[in-house]
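Input: a single structure, listed below in structure tokens.
Readers should treat all values here as calculations from the given coordinates under stated rules, not as data from a laboratory. All figures in this text were calculated on a predicted structure; none of them were measured in a lab. Here the Cβ positions follow ideal geometry from the backbone for every residue, glycine too, while neighbour counts run over all protein chains shown.
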Amino acid sequence: MTNWYTSDSHFYHKSVIDFCNRPFSDVDEMNAAMIESWNQVVGKSDIVYHLGDFCFGGIEKWTEILDQLNGEIILIKGNHDDSKTLKKLTNKGYFKEIHEVGLYRKQKYKGVKYQMWLSHYPMQIGMRERKFSIHGHLHDEKSRDLNQINVGVDSFRLPNRPFGQPIEEDVLMKYLMASNPFIKMVKEEERRGVR
């Protein structure tokens, strides 16, 4: 079982194609490409932390997409995710969990403990090593702080990665680990009044 992270898929959202300069001509092409890139890596028993703004439209559109995706989804509600639709989908067993605001996770990586606050919006948690706000919402805009990591499909573009493919936890943890020295440096500069 592998854990994956993503946000802001915006299935069936026509305007997001132009808004974020997504490489698709219409929603059908976008939906099909993102479903394919998701299923290329996510296994049936994997967990996907989706940090909100999953799909536009009513329950029929949601179920059409969800029926095609591998893995068990833990959804953190985004500003475009309808609560009534989510309740119906939860009752039908489409999500492993749904969180209205966010989820706190402790994670150990290479013997080092990390704390992660998963939410749709970036959280101001202070510049502290091994403590990260994992979020979406900003699309292709940069996060404000070094320890705010935007995992939205429009932002975390790695080389040779198909558009919309979730980020494997190991890749995310390597990124967090590499960020720690820079966070420590910024915090020290702030303490000395350099910043």
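What are the lysines whose alpha-carbon lies under 20 Å from the alpha-carbon of Lys187, with same-chain residues fewer than 8 places away excluded? Excluding near neighbours in sequence, the set is Lys113, Lys131, Lys142. Listed by chain and number, the aspartates and glutamates whose alpha-carbon sits under 19 Å from that of Lys106, ignoring those within fewer than 8 places in the same chain, are Asp46, Glu97, Glu129, Glu168, Glu169, Asp170. Near Lys84, which lysines are there with a Cα under 18 Å away, not counting those fewer than 8 places off in the same chain? Excluding near neighbours in sequence, the set is Lys61, Lys92, Lys96.
Note on the chain: helix-only mean residue ellipticity at 222 nm, from DSSP H runs of 4+ residues weighted -39500 (n - 2.57) and normalised by residue number, equals -10000 deg cm²/dmol.
For the peptides 118-128, 23-33, what is the packing order when you average, over each peptide's residues, the other Cβ atoms within 10 Å and list the highest mean first? List each step's numbers first, then the result.
Numbers: 118-128: 18.2, 23-33: 14.7.
The packing order, highest mean first, is 118-128, 23-33.
Highest average first, the peptides 161-173, 104-116 ordered by how many other beta carbon atoms sit within 10 Å of their residues are 161-173, 104-116. The antiparallel fraction among DSSP beta bridges confined to the chain stands at about 35%.
Scanning the chain for long hydrophobic helices, with DSSP H runs required to stretch 24 angstrom or more by C-alpha along their axis and to average at least 0.5 on the Kyte-Doolittle scale, returns nothing.
Please give the peptides 86-97, 70-81 ranked by average Cβ packing (other Cβ atoms within 10 Å per residue), highest first, as a rough proxy for protection. Write down the numbers at each step before the final one.
Numbers: 86-97: 14.3, 70-81: 19.6.
Result, highest mean Cβ count within 10 Å first: 70-81, 86-97.
Taking 0.36 nm per residue of separation and subtracting the Cα-Cα distance, full extension of the segment from Arg128 to Lys142 would add 3.2 nm. Label-to-label distance, Leu103 versus Arg161, with points set 7 angstrom from Cα along the beta-carbon direction: 1.8 nm.
The relative contact order of the range 3-192, computed from alpha carbon pairs under 8 Å that lie at least 6 residues apart in sequence, is 22 percent. Residue separation of Glu64 and Ser83 scaled by 0.36 nm, minus their Cα-Cα distance, works out to 5.0 nm of gained length. When Rg and the Kirkwood Rh are both derived from Cα coordinates, the Rg/Rh ratio for the range 54-156 amounts to 1.01. Across the alpha-carbon set of the chain, the Rg to Rh ratio works out to 0.98, Rh being the Kirkwood radius.
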